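Colleague: Sharing a structure, written as structure tokens. Questions coming.
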Amino acid sequence: MTKTVSVPEPAVTVTVTASPTSVAASLPTGSPSSGPDGTPSPSTKPLLLTTMNPVAKGKYAWLKVGSGTLNSQGFETALVPGGSDSNCSGSAEYNLGRQWTTLTLTAGIDDYSADTASRLDILADGESIFTGEVNLGKPKELSLDVKGRLRLSIRYADTVTGCHMGSLVLGNPLLAP
């Protein structure tokens, strides 16, 4: 697009040409936009939990975006433990804004992990929606009801004392409207 502007004496003409790269970037598909009060606006498309920032996380360990391999299946998009005590325990909490109905994910221990198990607890508004152990070579396909829920909390820990937790992978954590 070219725009020419002329002003009176002394004559000056300015021409501005917009390039295709100067177009403003849009939000990723399915990501919520903020309403006037800062809460997410309802979305009609699924959203990867990896695109949301946690509203709270563990003091020494939390979930971060990463990748992993579960029973020979690669997951390029995943939540994995991060922080100084990531092999002991950690947590992360997310604001769901009461706009999602289902959280699906594949939970397991990375094929390259030295340790073989982890405890996983997922809560919605303080109520347990999944509690269990995940083990090497036996990933769990989870489909969890989060309809009308505000806060999602994901907690993980080792199954024995001594911080010998397997490398947890939460593959493709997807929120559906």
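Colleague: Where does the charge balance sit around Ser91 when Lys and Arg score +1, Asp and Glu -1, over other residues with C-beta under 13 Å from its C-beta?
Modeller: On the way: positive: Lys57, Lys59, Lys64, Arg119, Arg151, Arg155; negative: Asp85, Glu93, Asp121.
Once positives and negatives cancel, what remains is +3.
Colleague: Kindly give the semi-axes, whole Å and largest first, of the ellipsoid equivalent to region 51-177, taking each as the square root of 5 times a Cα gyration tensor eigenvalue. Walk me through the numbers before you get to the answer.
Modeller: Values: eigenvalues 97, 51, 32 Å².
Working from the Cα gyration tensor, I get semi-axes of 22, 16, 13 Å.
Colleague: Sticking with this structure for a sec: Just to confirm my numbers, what's the Cα centroid distance between region 142-177 and region 52-100 in Å?
Modeller: Using only Cα atoms, the two centres lie 8 Å from each other.
Colleague: Distance in nm between label sites at Ser72 and Lys45, each 7 Å beyond Cα in the beta-carbon direction?
Modeller: Result for the modelled spin labels: 3.4 nm.
Colleague: Show me the GluC sites (Glu not before Pro) within region 62-154 that DSSP assigns to loop and that have at most 12 other Cβ atoms within 10 Å of their Cβ.
Modeller: none
Colleague: Still on this structure, I have one more. Among residues other than Gly108 whose Cβ falls under 12 Å from its Cβ, what is the net charge (Lys/Arg +1, Asp/Glu -1)?
Modeller: Overall, the nearby charge balance is -2.
Every read-out reported here was derived from the displayed coordinates using simple, explicitly stated rules and does not represent laboratory data. If you're wondering where the values come from, they're calculated on a predicted model, not measured in any experiment. Counting neighbours? That spans all protein chains shown, and the Cβs are built from the backbone with ideal geometry, glycine included.
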